[in-house]
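Heads up, the thing below is written out as structure tokens.
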Amino acid sequence: MSTEIQPYQVEFDEYLRDESRSVGHADSISFPKNEDELIEIVRKLSKTEIPVTVQGARTGLAAAAVPYGGHLINIGRMTRILGARYDEQDNRFFLTAEPGVLLSQLRKAVSSGEFEIAEPDDLTQAALCRYKAGEWFFSPDPTEASAALAGMVACNASGARSFCYGPVRPYVEALRLVLVDGRTLHIRRGEQKAKGRDFCLNLDDGSYIIGKLPDYAMPKVKNASGYYIEEDMDLIDLFIGGEGTLGIITQIELRLLPMPKAVWGITTFFPDEKSALRFVRGLRGEKEATGVEFSVKPAAIEFFNHKALDLLRIQKQKIAAFAHIQELKATYYNAVYTEFHADSEEKVWEMVEQMNQMLEALGVSPEDTWVANNPRDMEKLLVFRHAVPESVNMLIDQRRQKDPAITKLGTDMAVPDQYLDKIMDMYNGEIQTNGLDYVAFGHIGDNHLHVNILPRDMEDYRKGKALYLQWANAVSAMGGTVSAEHGVGKLKAPFLAVMMTDAGIEQMRALKAVFDPQGHLNPGNMFTMKKEGDA
Amino acid sequence: MKIIVCVKQVPATNEVKMDPVTNTIIREGVESILNPFDTYAIEEAIRIKEKQGAQITALSMGIPSVVTLLQEAVSLGVDDAILLSDRAFAGADTMATAYTLQLGVESIGDYDLILCGKMATDGDTAQVGPMLAEVLGIPQITDVGEILEIGTDFILCRRMTDDGYETVKSKLPAVITVTKEINIPRLPSIAGMKRGKAAKVPVMTSKDFQLEAERIGLSGSPTQVVRTFIPSHDIASEVLTGSPTEQAEALIEKLREQKLLNW
Amino acid sequence: MSSIKVIDEKCIGCKKCVSACPFAAIQIENKKAVILDNCTLCGSCVESCRFNAIELTVDEVAHEDISTYHGVWVFAETFDGQLRNVGLELLGQAQQLAADLHTKVTAVLIGHPVKHLAQELIAYGADDVFVADDTSLKDFNDQSYTDIMASLVEKQKPEIILLGATMYGRSFAPRVAARLRTGLTADCTGLSIDLETKLLEQTRPAFGGNLMATIICPYYRPQMATVRPGVFATLPQDETRTGQIHELPVKKNPVDVETIARVLHEEQGVSIADAEVIVAAGRGINSPKNVQLVKELAELMGAAVGASRAVVDLGWLPYSQQIGQTGKTVGPKLYIAVGVSGAIQHLAGMSSAQTIVAINSDSDAPIFKVAHYALVGDCSELLPELIAQLKAVQ
């Protein structure tokens, strides 16, 4: 039943779109319930010329899950946690999950210790005996907790805490995949590596894939654009951030981290952008920015610019759902959120006092801070932070009523540390020159801001799109990336082309062709399609 | 103006887990917090202080560790705090609590306004505020959603009622109990936390007062708990399965059988 | 001073008391129970200990003679010249208590104009009605109402007083109790007489409804309790009942509090307190957009819209629609819970509904434990279906 390839009908409309709000089309659809069913569907399709798009929870912002014709596999019914493993030697805990498990579901299971594993094997039983709720956590924290794990792996998702813990990549210990021809692959970190730029990948059936890795150098910034390539690389990393173009993820083994005993969040308000940027650099340990030595690595450094706070002030008045967020004094121009993790409350307080010295050096009042040192207050700060993108979406939805062609233009670019001031000047200056409306917020610790251009009409929209492409060029020239966390998907393929140059894209295409010669798997992701443009 | 805010320590969660084997309560490791309603009272006091100037004292009856929560109140903007703590106060019901708080309030003296949360989340009685007003012999306004004006000898409030709201004027001093509608409590600042950590909270015991011993603690409490039990809610429920269409059909059919539809 | 102590020689460290303590106030140290600061002297551990190793000493306090108190009283709250239902519900319950105590039921009516309501109270179960009707009592006032009630109690000495746990009742009852220096139990869900001791056993939810506690007031009189509207059923009106009406002289004392203005809710649709059908929205509806679907369904069914605390906290529905421990208690014929997880606080406010339907995407949601009909599914798919099908059959 679940291996059935159903012809597409209107009732499936919701599966044609994701959070990017772009809409695609499909000819047929299937909802496999487990790995065997998924493999059977892929094998059936491999005998045809039908391209296939795989989708999870459709929370992506780059339309990677939006089908551009052909068959659509929805993994939303593969939602079981299958097993657990405890590595006593290094005190590491691992969970194996199906690809459709949601981040929220994983978090709930991890925090409660209730994994509901149907048939635990011996390893799992032994591991669960050692598990204590509250002692472990999964660090990647994208804003959208309803994301599916496979989607997070496919785009190498991150979140605020990635500043300290990194993106999803290092927490993927093993993957099971099915290739477009139906062959399967079980790959574990450390087991299969490239030799220089050559690789030979062993598959489950004893066959293997031989290929050559591209020779481009990846940008030395937080990155989610293009294949992850390094000499002698672990081949599992090809599939993480591979956006489903090389194989379909059917199982994921994730590594959990020991939960820090003390977690504090602090939002600091600044009177101007200069002092906020100096503070950010100070938090990164750049002593010259504030004159104060700061030796702590914060778990997160996030920024909300003056336009973001202004928008919140307006939405708080207008929309009941935002009425409960904390009150913003008129003198607050922008905000920087920092999060500290440590073994004890005392240690976090030492960090806060160090941070406070920087604020004093910058002439910022320690009164202009919000400190959260318990889960209830942390939740309040989280609501505040998430209110910014939610406000943007609501505003855009309003404007779309006037002109449905309008979408928000959200960037996801990151640059190396030394360009922080330069990129901020570029964003602010060119927005102003073009007379556009915008807000900027995000992971400033990694020089990774989401500039959201908010078009008021189609004229703004066109200007914004042009500006976006212009920035992709500028960011690439600085050695940055066009997508640091959302992935390229279909919407940012033109920008990837700018960043990678034609030569880079050709090498990527060649790599894909080794796995998927016909280009049938997730067509349109990363590479601009030759026939079809925006759907 | 001098404001006293009465606060209480409560468990962070009211969840009660049962040990399925022994059929007893598991209530280990539950964190203690300031009663959420009291945080609105603290915030309101601070707003009054910011608007027209005030000296704010937080007052609590509780175990010695409540000092930490009172320091938390200081970190939010309360000026000082007093804890009433003594084994002799233990086991107090709302009447004995109101009397003990009365002693604390009178030792502070010379107050214009007493702010309380409308109820505590552990007991849910909403009785201590009005009882305190009565034993002090001053007026009260409960369930206040907004303070409209404070004059030299009066306060004008909007109070929530079952049918809407009322604008009520009271002479001062008075006890005001506040609801969640009244404000959005702030988070402490770094500067505030430093003040909180440095704050010295005096602890007063039964020996510090000339009191009527038969009105405090367990033996001074008119009410007594004779037993506690876990309520059972389980009933046999019928699960309606299928596609949304089938589920909706089944439900409408059931409601029709039960004559719960108007047509 | 009352005190509790562990007799170390008797304690074997069996931990029975640890799990009996509702406050986590006992620890085992060196294989002996140790009672911590947060002990409330509730005595649960004393009963649990099989070795009589815990000793609770309660000071004997001299008490007044309580044998002179007789009769069950009900405060009949009015609003705008009408009786509130809760007073009638309490009269029904008071009759049962009075029967067990072989005594009479008395109603107290304060306000203006209220004189004309006395007969109705008799029809609903009062044997006597005290009426204080004066223009000065038109607005509810804690002070003047307390003065009247307290002085009447001091004269008449009732043994039990029941009051509605309305906003007014919860403001006024504690003042009366404090003036009379007696006990008051809030929000009782069960009231009965212990036939041996003749004491009123007052059962109420504790810890947000996770635990029920039975409370007595053995040495002080009257025994006072407040009860939420909707907890007890009103007995049928009996026009043939007779009783005595006593009008009280009203002294006009100066008051410190005055009501300046009163604004009534504009009731949108049916009020939840009186509704026969309620459609309630919980956090699981996921988006403020789905509130519209809930409203549409409610309108189709002639139902009132209710809300869980989470939804009210999010600002999706007003507080006046909140059902549960900190909101309203309801007892409709049909309760449809949409996306309501069923936290015990919510259940406390609605579990007396006759038929409960739960719609929730989380099959483990506790609401399913009380639901007669359980629909596991996404409300954004199910509600449009229900609405469409109801429209079709209408």
*Going through the range A:80-111 one residue at a time, which ones are in a loop (DSSP other than H, G, I, E, B) and either surrounded by fewer than 22 Cβ atoms within 10 Å (Cβ to Cβ) or among the small types (G, A, S) (or both)?*
A:R80, A:E88, A:Q89, A:D90, A:N91, A:G100
_Residue in the range C:284-293 that is in a strand (DSSP E or B) and out of contact with any Lys or Arg (no Cβ under 8 Å at 6 or more places or on another chain) present_ = no
_Selected residue (criterion: nearest to the chain's Cα centre (by Cα)) from residues of the range C:353-367 that are within 9 Å of chain B (Cβ to nearest Cβ) and buried (at least 23 other Cβ atoms within 10 Å of the Cβ)_ = C:I356
*In the range A:367-395, what residues are of a type outside the set (A, V, I, L, M), open to solvent by less than 40 Å² (accessible area, probe 1.4 Å) and either in contact with a helix residue (DSSP H, G or I) (Cβ under 6 Å, 6 or more places away or on another chain) or not in a helix (DSSP H, G or I) (or both)?*
A:D368, A:T369, A:W370, A:N374, A:S391
*Do we find that C:Y220 is among the hydroxyl-bearing types (S, T, Y) and either part of a helix (DSSP H, G or I) or away from chain B (no Cβ under 14 Å) (or both) in this structure?*
no
*Scan the range A:61-79 residue by residue and report those that are farther than 21 Å from A:P142 by Cα and open to solvent by 30 Å² or more (accessible area, probe 1.4 Å).*
A:R77
*Would you point out which residue out of C:T203, C:T214, C:T240 is open to solvent by 10 Å² or more (accessible area, probe 1.4 Å) and under 21 Å from the mean Cα position of the chain (by Cα)?*
C:T203
_Suppose we filter C:Y145, C:Y124, C:Y168 for residues that are farther than 24 Å from B:E166 by Cα, crowded, with 19+ Cβ neighbours inside 10 Å and aromatic (F, W, Y); which single one remains?_
C:Y124
*Answer yes or no: is there a residue in the range C:340-352 that is closer than 15 Å to C:A307 by Cα, more than 12 Å from chain B (Cβ to nearest Cβ) and buried (at least 21 other Cβ atoms within 10 Å of the Cβ).*
yes
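Does at least one position in the range A:422-429 carry a residue that is in contact with a strand residue (DSSP E or B) (Cβ under 7 Å, 6 or more places away or on another chain), within 30 Å of A:T48 (Cα to Cα) and part of a helix (DSSP H, G or I)?
Checking the range A:422-429: not a single residue is in contact with a strand residue (DSSP E or B) (Cβ under 7 Å, 6 or more places away or on another chain), within 30 Å of A:T48 (Cα to Cα) and part of a helix (DSSP H, G or I).
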*Please find, within the range B:254-263, the residue that is farthest from C:L300 (Cα to Cα) out of those that are more than 7 Å from chain C (Cβ to nearest Cβ) and open to solvent by 90 Å² or more (accessible area, probe 1.4 Å).*
B:E257
*Any pair with Cβ under 6 angstrom, 6 or more apart, that starts in the range C:378-394 at a residue that is closer than 10 Å to C:L297 by Cα and ends at one that is in a helix (DSSP H, G or I) and open to solvent by 60 Å² or more (accessible area, probe 1.4 Å)*: C:I387/C:E296
*asked:* When you scan the range C:251-266, do you find a residue that is in contact with a strand residue (DSSP E or B) (Cβ under 8 Å, 6 or more places away or on another chain), assigned to a loop (DSSP other than H, G, I, E, B) and open to solvent by 10 Å² or more (accessible area, probe 1.4 Å), even just one?
replied: yes
_Complete set of residues in the range A:303-353 that are part of a loop (DSSP other than H, G, I, E, B) and either open to solvent by 70 Å² or more (accessible area, probe 1.4 Å) or closer than 20 Å to C:G315 by Cβ (or both)_ = A:I319, A:A323, A:H324, A:I325, A:Q326, A:E327, A:L328, A:K329, A:A330, A:T331, A:Y333, A:D343
*State which residue pairs qualify: first residue more than 8 Å from every other protein chain (Cβ to nearest Cβ) and within 15 Å of B:T161 (Cβ to Cβ) and inside the range C:254-271, second residue outside any strand (DSSP E or B) and modelled with pLDDT under 85 in any location, beta carbons under 9 Å apart, and separation of 6 or more residues or different chains.*
C:E267/C:S320; C:S271/C:H265; C:S271/C:S320
_Just checking, does the range C:178-186 include any residue being among the hydroxyl-bearing types (S, T, Y), open to solvent by 10 Å² or more (accessible area, probe 1.4 Å) and under 17 Å from the mean Cα position of the chain (by Cα)?_
no
*Of (1) open to solvent by less than 10 Å² (accessible area, probe 1.4 Å); (2) more than 28 Å from the chain's Cα centre (by Cα), A:L38 satisfies all except one. Which?*
(2)
_With the condition being under 22 Å from B:M1 (Cα atoms) and facing chain C (nearest Cβ under 8 Å), I'd like the strands (runs of 3 or more DSSP E) fully within the range B:135-241 carrying at least 1 qualifying residues._
B:140-150, B:154-160, B:164-171, B:174-178
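The values are calculated or read from the model by the stated rules, or taken from the named source; none is laboratory data. All of these numbers come straight from a predicted model, not from anything done at the bench. Here Cβ is always computed from backbone atoms with ideal geometry, including for glycine, and neighbour counts include all displayed protein chains. The accessibility values were calculated without ligands, DNA or RNA, using every heavy atom of the protein model including side chains. Shrake-Rupley method; radii C 1.70, N 1.55, O 1.52, S 1.80 Å.
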